[in-house]
Amino acid sequence: MQELITRAKELLADGTVSRVLGWKKGDMGWDPEPAYFEKEEDLKDFVYNPFCGANLSKYLIAAGKLPGTTLVFLKPCDTYSFNQLTKEHRVKREKTYIIGVGCHGTLKAEKVLSAGIKGIEDAAIEGDTLKVKTLYGEKEMPLMDALLERCQVCKGKTHVVFDELIGAEEGEEAGPGGLAGNRFAKVEELEAMPPKERFAFWQEQLSKCIRCNACRNVCPACSCLKCVFDGNQFDSSQKANADTFEEQMFHIIRAYHVAGRCTDCGECSRVCPEGIPLQLLNRKFIKDINTFYGEYQAGADTESRAPLTDFTFEDVEPGIVSERGGGR
Amino acid sequence: MCECSCGGKTKPDTLIPMIGVITDIRTETPDVKTFRVVGRDGKKLFEHMPGQCAFVSVPGVGEAMFSITSSPTNTEFQEFSIKRCGTLTDYLHNMTAGEEITVRGPYGNSFPVETALKGQNLLFIAGGIGLAPLRSVINYVLDKRDSYGAVDILYGSRSMDDLVQLKEIREVWAKTPGVDVYLTIDREQEGWDGHVGFVPSYLKELEFATDKTVLVCGPPIMIKFVLAALTEMGFDKTQVYTTLELRMKCGVGKCGRCNIGSKYVCKDGPVFRCDEIDELPPEY
Amino acid sequence: MQVENTEFRPKIVAFCCNWCSYAGADLAGSSRLAYPADVKIIRVPCSCRVNPMFILRAFQRGADGVILCGCHPGDCHYTTGNYYTRRRMTLLFSMLDYLGVEHGRTRVEWVSAAEGVKFSTTMNEFVAKIHELGENVRLEDLRCKN
Amino acid sequence: MYRIDKSRLAELFAAISGNQDLFLPLRKADQTNYGLWSEEECFDLDTLKTVKSAKDCFFPQSEVLYRCKNEDGKLSIDPQKLCDRPFVVFGMRACDVKAIEVLDRVFLSDPVDTFYAARREHGTIVSLACHEPEETCFCKNFGIDAAEPGADVETWIIEDGLYWKPLTEKGEALTVSLAGLLENADAASTPDAAEKAEKAVAKEQSSIREIIEKLPLSHLDLSRFKPENTMELFDSPLWEELYKPCLACGTCTFVCPTCQCYDIRDFDGGKNGVQRYRCWDSCMYSDFTMMAHGNLRTSQMQRFRQRFMHKLVYYPANNDGLYSCVGCGRCVSKCPASLNIVKVIKKMGGEA
């Protein structure tokens, strides 16, 4: 962390960047907030630890409108979002100075707290163990039980875009401590259920939705100036939550609108106050795209055509959904 | 649908509207129409005071707050002058007499016609559609002519065609004793032999005496410059009343939309004395 | 009369592209080929005009099945429109299926202006399928129900 | 004072829901929220904070106000029936109980919101003391005592028993209806049991208060948040710094037990007519103040400022200094960007 601060100070001092976008220490030790730092002395509150889950890419849309260059710290999976935003002309590469930071996984504070660890001050990852510094001494817990879902099935530690790297271990395929799982496992499990059960599963999950729009507003792919739900068309407004249809409509359409653009950064499920596994909707699209149109990772580059703005003459017919049956 | 202040148990929630019938639609200007509304029984929907507002709605299209432009002294109907500027107003402009709408109200406070304004010389300053709430006061004052002093009306609009209620102004107001009407339009126009220029500058030219109470309504930018001009002319802020406009949904100070500082414009307003406005955070 | 009322009459929405499928439906009609009156046709300029929201919206408003008809791939009046439709609908149908909505309720069929027979058989088949599935209860808006 | 074994709670709930609806924290899909109790549901009184507050029971997230039909140009209005069925909300914490007072001052002030008033009239609140307040709690700053939660009946769960103390007429009536289940621990009839119960509750209370005293957010300085400082606070340059991470979502407003802003909207159900309903709204949304002629709050900073100024300055100015925050800490744990009212209080209050 000290290395990051030192480098940020250097870049601020020599005028390469006008501001730094990073994380600031919160009140609790487990709630760092995304923050801008414009002066060297502000950086005393800078923090980077496994609780810094926020993907800062989305903030760059706003930062891009400010004068000068912004220094941003991106974790490996955040860089995919950045690339995707560059591709959609929502951020400017030349106005951003990216320092790729190493990541061993980010934590879900709720999980750590409910494991009975209180008075958290700081945390560090050592192999498969999470070491938490607390007011009551050092506590430990298995890393896997504390990670955000997205980190349990980590995409890898490669930064796809950066100006320099600090503390990163490039090229390592697996996630934290080599724990990478199959991110489509839960999707496959759902696909294998009878339709009635699948319906019941989603009904239960989506009926929790409070239409707070946190998933939409945090999503780097949801960068429309005016969202289709900011209005009364389609009888499904931004915040109505009037019956189950509205919730389903909102989530289906949101997942659809980011299909082929979603980098699976997992921010939507991280922020959902009701813990709805929204990643399962996005991953279903990713999985289908991979099976039908070939492997595609949004944000891996800035040139390729997105699957939904592309086609081949030999594409499968929509009837395939019925033919193969069983919800796959 | 009892709307009296009996406070009886039978009173429906204030959010439940009454059904109103449009009995007449007058085209005032290319984008303003005046709608005359009565209840189904042909009687006036409710009693109001000048400056108060009511929610007009077309179910399925929308609901919005409009100031009541007819005077309380009118015992037959209520009138709303509505400018075409959104979904609901668009729809209203395409309606015809005889169609039904819903109305709830009246909401908000009113100009202090029975207290602070009584016996005073009055100066009305209006711009464009801003005449709508003031018309209610003007007609009230003219109907109770003896209770008030001299009346001056300064009204301006973009063009001759945009002057609302021109017929009434010329044929009734201008002919009432003790009432002076000054009209102005923003730009020279064929067929217009009156004054040309913006309302605030005309106001300064007219050099009114400062023994008047002023009632201002118009677009925010006009209000801003009129207030500056009035201060320059020596008027005190306590002599000036104006109305604020914010987005409203409930009309009773609960939905939170029109909250500025500790005031709710729908309930504590829309009429404010200018020194009261100064105490509010500048978010209007 | 009483008996007729209790019988299930599905509501089917068919989006038909102006250039091929709508003409195909026309041909079916002028050739006196019957297809159920439960099918309500909505003409669209191209099958790719159909936003996934249209389909959800149809279900919301009480449709029991939605079928989308367009020109055969390669024959699109706008050259490539239906290729995009193909991808979009594949993904949307797969998602609906994933959410537990019966996959038989949605269908895409390519019908050319000359295929009056195909139009009629497709519609007959689809209506029969919806009859089999019954009323749509999984993706409905109660506010639109009586 | 009464007592019942914790193991018999399901029986108690069955008895309550025999005559009326019972709402209590239910565990569903890994989250705890207030819901309608039935035998199959799994209740959860251990989770300190439900995701949404109990505000939902009195001021639901969305409710129909009336239905309107247009038949051949003739309109008809059919107002929604007011709540006329008694119900009980069980397990409300002290902060949520206080929040109802905050809402009362809005909805029960003239003109009364009849929809809300009907629910208040028919609802009985059984509160539950917080056995172990968490570090996100800061109710103490608002004069709330988590050890004595108030409402119609207050209860404590201590070891294997639930202690039950009716406080109002409504509470007494509910207690009477449960006479067969609740063991009497009254000083007059069963002095021994009463003494034991009093002792247990007193011990629990002092332990709760001890914890609260030690919580990191229990001692905030609210002295600057006074109506006379309105302009000074409003014009503070600190807002510009504070709002920066805000994503403009509505999480804080929707999980908040005191946020009461609402929107009124139409749903056109075709031949079923138009439903006019109201639903919670958030001042954090960009269209909150959008009008045909423009928007009065054009930046997120202004919207952010409105929310906190309303809670800490405007609302108290109209309500005898009562803050419109009860320190439940939901925003502290739920904000996606880790912003919350505590950070605002500390920063604006001159602490940090």
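Under 5 Å between amide hydrogens, built in the peptide plane, is the criterion, and for A:A123 it picks out A:K133 among residues at least 5 positions away or on other chains.
What is segment B:18-107 by shape, rounded, prolate or oblate, if you read a ≥ b ≥ c off the alpha carbon gyration tensor as root eigenvalues and call it rounded for a/c under 1.5, prolate for a/b larger than b/c, and oblate otherwise? The shape class here is rounded.
All other residues whose Cβ lies under 15 angstrom from that of A:K39 are scored, Lys and Arg at +1 and Asp and Glu at -1, for a net of -4. Helix B:220-233 axis versus longest C-alpha principal axis of chain B: approximately 40°, rounded to the nearest ten. Would you mind checking segment B:89-130 for residues with the amide N under 20 Å from a putative spin-label position 7 Å along Cα→C-beta of B:E76? Only B:96-101 fall inside the zone, counting backbone N under 20 Å.
In terms of its alpha-carbon gyration tensor, chain D comes out oblate; a/c meets the 1.5 threshold, while b/c is at least as large as a/b. Buried accessible surface for the D/B chain pair comes to about 3700 Å², total over both chains, computed with a 1.4 Å probe. Taking only DSSP H segments of four or more residues, each worth -39500 (n - 2.57), what value at 222 nm results for chain A once the sum is divided by all its residues, to the nearest 500 deg cm²/dmol? The per-residue figure over chain A is -8500 deg cm²/dmol. With the simple spin-label model, which puts each label point 7 Å out from Cα in the Cβ direction, the A:Q2 to D:T190 separation comes to 6.5 nm.
Using the Stokes-Einstein relation with a Kirkwood hydrodynamic radius computed over Cα pairs, the translational diffusion coefficient of segment A:181-324 at 10 °C and a viscosity of 1.306 mPa s comes to 97 µm²/s.
Placing a pseudo-label 7 Å from each Cα along the Cα-to-Cβ vector at A:E164 and D:E132 gives an inter-label distance of 4.6 nm.
Looking only at segment C:33-50, which residues have a backbone nitrogen under 14 Å from a spot 7 Å from the Cα of C:D26 in the C-beta direction? Label zone hits: C:43-45. So how tilted is helix A:76-87 from the main axis of chain A? Cα-based, degrees 0 to 90, rounded to 10. So the inclination is approximately 70 degrees. Chain A against chain D buries an accessible area of about 3400 Å², both chains summed, 1.4 Å probe radius. Panel values: the protein assembly as shown, Kirkwood radius from alpha carbon pairs, Stokes-Einstein at 10 °C and 1.306 mPa s, translational diffusion coefficient 48 µm²/s. In segment A:182-328, a dipole from Cβ-located charges (positive for Lys and Arg, negative for Asp and Glu) runs towards its positive end, and of A:C212, A:L308, A:S269 it is A:C212 whose Cα lies farthest in that direction. By the helix-only formula, in which each DSSP H run with n ≥ 4 contributes -39500 (n - 2.57) and the sum is divided by residues, chain D has a 222 nm mean residue ellipticity of -9000 deg cm²/dmol.
Buried area at the A:C interface is about 4100 square angstrom, summed over both chains, from accessible surfaces computed with a 1.4 angstrom probe. Projecting the Cα atoms of D:I211, D:Q302, D:F288 onto the charge dipole of segment D:188-304, computed from C-beta unit charges around the Cα centre, puts D:F288 farthest toward the positive end. Geometric descriptor of chain C, per residue, is 104 Å³ (volume of the convex hull of the Cα atoms). The residues neighbouring D:G161, those whose beta-carbon lies less than 11 Å from its own, together hold a net charge of -1 under the Lys/Arg +1, Asp/Glu -1 convention.
Tell me, what is the FRET efficiency for D:D268 and A:E204 to the nearest 0.05, using R0 = 35 angstrom and their Cβ-Cβ distance as r? After rounding to 0.05, the efficiency reads 0.75.
Dipole check for segment B:121-243: with +1 at the C-beta of Lys and Arg, -1 at the C-beta of Asp and Glu, and the Cα centre as origin, the magnitude is about 360 Debye.
Each label was represented as a point 7 Å from its Cα along the Cα-to-Cβ direction; for D:E40 and C:R49 these points are 4.5 nm apart.
If the segment from D:S299 to D:E11 were pulled out straight at 0.36 nm per residue, it would be longer than the present Cα-Cα gap by 98.4 nm.
Amide H to amide H, with H built 1.01 Å from N, D:L128 comes under 5 Å of D:G91, D:M92, D:R93, D:A94, D:T155, counting only residues 5 or more places away or on other chains.
Distance from the alpha carbon centroid of segment A:18-37 to that of segment D:117-191 works out to 41 angstrom. Taking all protein chains into account, the per residue accessible area for segment D:1-142 stands at 40 Å² (1.4 Å probe).
The count of lysine pairs in segment B:65-195 that are at least 8 places apart or cross chains, and whose C-alpha atoms lie under 18 Å apart, stands at 4.
Which entries in A:K287/D:K334; D:K74/D:K271; A:K25/A:K131 show an alpha-carbon gap greater than 21 Å? Going by Cα-Cα distance, A:K287/D:K334 fall outside the 21 Å limit. For segment A:259-276, backbone phi angles converted through the Karplus equation (6.51, -1.76, 1.60; θ = phi - 60°) give residue-by-residue couplings of 4, x, 10, 6, 8, 6, 7, x, 5, 4, 6, 5, 8, 4, x, 9, x, 6 Hz, Gly and Pro being listed as x. Largest GNM mean-square fluctuation across D:C137, D:C261, D:C283, computed for chain D with C-alpha springs under 10 Å, falls on D:C261. Here C:E135 and C:T80 are evaluated by their C-beta separation; at R0 = 30 Å the FRET efficiency comes out at 0.20. In this Cβ point-charge picture (+1 for Lys and Arg, -1 for Asp and Glu), segment D:2-349 has a dipole of about 1240 debye about its Cα centre.
Considering only B:T243, C:P36, D:G269, and ranking their Cα positions along the charge dipole of the protein assembly as shown that arises from unit charges at the beta-carbon of Lys, Arg, Asp and Glu, the one farthest toward the positive end is C:P36. The contact residues of segment D:309-333, meaning those that lose at least 20 Å² of 1.4 Å-probe accessible area when all protein chains sit together rather than their chain alone, are D:H310, D:Y314, D:N318, D:V332. Relative to its residue count, chain B spans a Cα convex hull of 136 Å³ per residue.
The HN-Hα couplings worked out from phi for segment B:55-64 by the Karplus form 6.51 cos²θ - 1.76 cosθ + 1.60 (θ = phi - 60°) are 8, 10, 8, 10, x, x, 9, x, 9, 8 Hz, whole numbers, x standing for Gly and Pro.
With Cα atoms defining each centre, segment A:94-171 and segment C:72-146 are spaced 46 Å apart in the structure.
Around the Cα centre of segment A:182-328, unit charges on the Cβ atoms of Lys, Arg, Asp and Glu (plus for the first two, minus for the last two) sum to a dipole of about 460 debye.
Spatially, segment B:118-195 and segment D:244-320 are offset by 38 Å when compared through their Cα centroids.
Helix content alone sets the calculated 222 nm mean residue ellipticity of chain B: runs of n ≥ 4 DSSP H residues at -39500 (n - 2.57) each, divided across all residues, give -5000 deg cm²/dmol. If you take all other residues with their beta carbon under 13 Å from the beta carbon of D:D46, and give Lys and Arg +1 and Asp and Glu -1, the sum is +1.
Put simply, when A:43-53, B:45-55 are sorted by average Cβ atoms within 10 angstrom per residue, most first, you get B:45-55, A:43-53.
Using a Förster distance of 51 Å, how high is the FRET efficiency between A:E188 and B:R26, based on the Cβ-Cβ distance and rounded to 0.05? That gives a FRET efficiency of 0.15. For a label point 7 angstrom out from the Cα of A:K65 toward its Cβ, which stretches of segment D:292-318 have the backbone nitrogen within less than 13 Å? Answer for this model: D:298-302.
The values are calculated or read from the model by the stated rules, or taken from the named source; none is laboratory data. If you're wondering where the values come from, they're calculated on a predicted model, not measured in any experiment. When we count neighbours, we look across all protein chains shown, and the Cβ atoms used for this are built from the backbone with ideal geometry, even at glycine. Note: areas computed on protein heavy atoms with side chains; ligands, DNA, RNA excluded. Shrake-Rupley method; radii C 1.70, N 1.55, O 1.52, S 1.80 Å.
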